[in-house]
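Asker: Below you will find the structure I want to go over with you.
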Amino acid sequence: MMTDSLLCVEHLTMRFGGLSAINDLSFHAKKNQITAIIGPNGAGKTTVFNCLTGFYKPNVGKISLTSPSGRIFLLERMEGFRIAKEARLARTFQNIRLFTGMSVLENLMVAQHNLLMRASLYSLAGLFGSSSFRRAEQRALELARYWLNKIGLLDYADQPAGSLPYGSQRRLEIARAMCTDPVLLCLDEPAAGLNPKESYDLNGLLLDIRSEFQIGILLIEHDMSVVMNISDHVVVLDHGARIAEGSPTAVQADPAVIHAYLGTAPEEPTC
């Protein structure tokens with residue numbers, strides 16, 4: 001394993017009956033870097049995320065995540081809730097999954113549920129309002145307000161999350177994931193449905209998160225203005241297999257990528 005590797009995927013294979021969605025896939029995502037996974041529709045990108053986060057158990061392969069303490073978690077052997085809680089891998093989804101009836105602030109407080117439950121001794125200390133629980137609750141509230149300020153939604157803290165514009169809901173979902181204190185943030189098409197200005201702002205937010213919190217970011221994205229402008233490393237899939245990887249510049253120039261994903265210009269007729 002590479003010494004600066006945060007996530008190591010080795011020979012990952014995921015089959016559904018006779019269909020092979022992922023076929024012998026290996027790649028690394030480094031610490032403090034943004035790694036993008038791209039490819040045509042049906043290439044297997046979301047299946048990779050589902051394997052990382054415990055939604056699917058791969059047929060073959062090893063998925064290891066190295067924590068800042070040096071502890072190595074074998075994700076393919078863990079239940080999904082343990083991957084989030086212990087390995088500290090957070091995820092957003094292609095389709096927004098906010099608690100739309102709860103307030104914007106409450107969505108970020110819910111993300112800190114595990115921390116607050118531990119502080120409350122699983123409700124006993126919270127029931128009697130112990131000082132330790134009150135301190136933990138105040139820290140959670142301050143963290144939620146910090147993120148609302150960072151994504152420009154502090155003035156909307158008490159509004160229902162479902163009432164926010166689409167782009168604001170996207171930012172809120174990322175902020176909610178960050179409230180879990182992840183070491184790896186997995187984003188499934190975070191720019192989907194955003195206009196160019198919102199995509200530009202998203203780029204700034206993700207670069208800021210990487211710089212300030214020094215975590216790894218793994219993203220699936222079709223918007224090449226996001227992928228090519230902020231990624232340190234790009235992995236390209238086609239039909240469940242890796243066909244290229246490298247820097248954004250190298251990937252853009254790779255003939256296999258041009259043919260499979262970016263499109264190949266028709267040849268000029270010859271006389």
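Asker: Being out of contact with any Leu (no Cβ under 7 Å at 6 or more places or on another chain) and closer than 21 Å to residue 12 by Cβ is the filter; apply it to region 89-111 and report the residue that is modelled with the highest pLDDT.
Answerer: Only one residue fits best here, namely 91.
Asker: Which residue, of 194, 153, is outside the structural domain of residue 113 (by TED's automatic domain parsing) and crowded, with 16+ Cβ neighbours inside 10 Å?
Answerer: After ruling out the rest, the residue left standing is 194.
Asker: Give just the number: which of (1) in a loop (DSSP other than H, G, I, E, B); (2) surrounded by fewer than 18 Cβ atoms within 10 Å (Cβ to Cβ) does residue 212 not satisfy?
Answerer: (1)
Asker: For region 88-99, which residues satisfy the criterion of being surrounded by fewer than 16 Cβ atoms within 10 Å (Cβ to Cβ) and among the basic types (Lys, Arg)?
Answerer: 97
Asker: Does residue 6 satisfy being closer than 24 Å to residue 247 by Cα and either free of Cβ contacts under 8 Å to residues at least 60 places away in the same chain or acidic (Asp, Glu) (or both)?
Answerer: no
Asker: Within the group 57, 85, 45, which residue is among the basic types (Lys, Arg) and crowded, with 23+ Cβ neighbours inside 10 Å?
Answerer: 45
Asker: Here's a follow-up. Any idea which of (1) at positive phi; (2) free of Cβ contacts under 8 Å to residues at least 60 places away in the same chain; (3) within 20 Å of the chain's Cα centre (by Cα) is the one residue 50 doesn't satisfy?
Answerer: Going through the list (1) at positive phi; (2) free of Cβ contacts under 8 Å to residues at least 60 places away in the same chain; (3) within 20 Å of the chain's Cα centre (by Cα), residue 50 breaks only (1).
Asker: Which one is modelled with the highest pLDDT among residues in region 224-253 that are crowded, with 19+ Cβ neighbours inside 10 Å and in a loop (DSSP other than H, G, I, E, B)?
Answerer: The qualifying residue modelled with the highest pLDDT is 231.
The values are calculated or read from the model by the stated rules, or taken from the named source; none is laboratory data. As the structure is a computational prediction, the values presented were derived from the model and not from experiment. We place every Cβ from the backbone using ideal geometry, glycine too, and count neighbours over all the protein chains shown.
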